[in-house]
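To start, the structure itself, in structure tokens.
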Amino acid sequence: MILVCGGLADGVTELVCARLQDSGYPYRLLDLARYPAGYRLAWRWTDAGPAGTVAGPDWALDLDALTGVYVRYLGPEGRLPPQGDPEAAAALQVEADAGLVALLENLSCPVVNRIGGGMSNNSKPYQALLLRRAGLKVPTTLVTNDPAVARAFQAEHGDVIYKSASGIRSIVRRLGPAQQARLVLLRYGPAQFQAYVPGHNVRVHTVGDTVFATRIETGAVDYRYAHLDGLDVAMTAVTLPAEVAAACLRAARELDLLFAGIDLKETPDGDYVCFEVNPCPGFIYYERHTGQPISAALADLLKGTTPAAWPAGRSSHRLTHSTRR
């Protein structure tokens, strides 16, 4: 049995549930929008790990029966408003979440993904060091709150982009005249600057030992927000050079991520440069544009089956589902 922890208002979690149903793989949903209301966890430590049960409104699972867990944590905006005293409700939510995280981190079955594996994403410079150790090239980078140092970095490298150094999502932009005029604001908080890497973006999804690569063609610096600049995006499934694919798998393993979204740039010279690894990738965008069976591979990983050649016609937009809560 597979356990899915997430909220159906989240499209990625909904797609995972739909794919499991389409594949005929039994699962149960622990709805994090409502949790802990209506759910019961009862487990204890043994020499072999946690033993016990997790139960919902109309189902119960023995932890030993789990073949895999998919978890996509929700922020406060994804949860139902608390009942009663807000301060007490927030404290109880923290306690409930801590118990669930402790359980998921220590299950013997595959967990996609354990929260510890994604911690490096909270510091992109630190994560870049780990990516280099895995054999991936990373861009020349500066993190500073000193405007003079930032100006010197641009003078050295010419074309420079900037973005957040933390896990907080930011739109990647070129450092142009308007931003140069605002560099004085760096004194209130650092930013990450990188030498601009020309070429095509390549998004890589690793699912266990399977690699799906997508080339993205657009005139936008940050293709995720190309529409804000009135620009189009074209996506194509591609095959990575063997050494690059191996480095991506090595990075995912070393970060303890069974499922990862890896952002690369393919330069005009044929080199590949890695920007970061997403530990909880929203892969719908890529699957729908390319037809790559990412969700099917994920379902097989959670079920514990061996990935095989995938038949056509299993892309995400073809699915509907009903879910037992």
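The values are calculated or read from the model by the stated rules, or taken from the named source; none is laboratory data. It should be emphasised that the depicted structure is a prediction, and the values quoted were computed from it without experimental measurement. Here the Cβ positions follow ideal geometry from the backbone for every residue, glycine too, while neighbour counts run over all protein chains shown. When the accessible area is computed, the model is the full protein with side chains, heavy atoms only, and any ligands, DNA or RNA have been set aside. Shrake-Rupley method; radii C 1.70, N 1.55, O 1.52, S 1.80 Å.
Observations on the structure shown:
- Placing dummy labels 7 Å off each Cα toward the beta-carbon, the span from Arg187 to Thr46 is 6.2 nm.
- Near Pro177: Cβ cut-off under 15 Å, other residues only, Lys/Arg at +1 and Asp/Glu at -1. The net charge is +3.
- Long-range amide H partners of Lys137 with built H, under 5 Å: Cys274
- Solvent-accessible area, 1.4 Å probe, carbon plus sulfur percent, for the chain: 53 percent
- Alpha carbon Rg of the stretch 141-195, scaled by the compact-globule rule 2.2 N^0.38 Å: 1.00
- Shape category assigned to the stretch 2-109 from the gyration tensor of Cα positions, a/c cut at 1.5: oblate
- Residues in the stretch 35-50 carry Karplus couplings, in order, of 3, x, 4, x, 10, 9, 10, 9, 8, 9, 7, 10, 4, 8, x, x Hz; the curve used is 6.51 cos²θ - 1.76 cosθ + 1.60 with θ = phi - 60°, and Gly or Pro positions show x.
- In this simple spin-label model, placing a label point 7 Å from the Cα along the Cα-to-Cβ direction at both Gln83 and Val238 gives a separation of 5.3 nm.
- Among Gly49, Gly68, Gly167, residue whose mean-square fluctuation peaks in a GNM of the chain (springs only between Cα atoms under 10 Å): Gly49
- Per-residue [θ]222 nm for the chain (sum of -39500 (n - 2.57) over DSSP H runs n ≥ 4, rounded to 500): -8500 deg cm²/dmol
- Helix 147-157 axis versus longest C-alpha principal axis of the chain: approximately 80°, rounded to the nearest ten.
- DSSP assigns beta bridges within the chain; of those with both partners inside it, close to 80 percent run antiparallel.
- Heavy-atom accessible area per residue - the chain, 1.4 Å, Å²: 49 Å²
- Cβ-derived FRET efficiency at R0 41 Å, Glu217 paired with Ala178, nearest 0.05: 0.95
- Structural size metrics of the chain, computed from C-alpha coordinates, are Rg and Dmax of 21.3, 64 Å.
- With a Förster radius of 25 Å applied to the C-beta separation of Ala98 and Asp256, the computed FRET efficiency comes to 0.80.
- Among 87-96, 267-276, the peptide with the highest mean count of other Cβ atoms within 10 Å heads the list, and the full ranking is 267-276, 87-96.
- Put the Cα centre of the stretch 137-191 next to the Cα centre of the stretch 84-113 and the gap is 36 Å.
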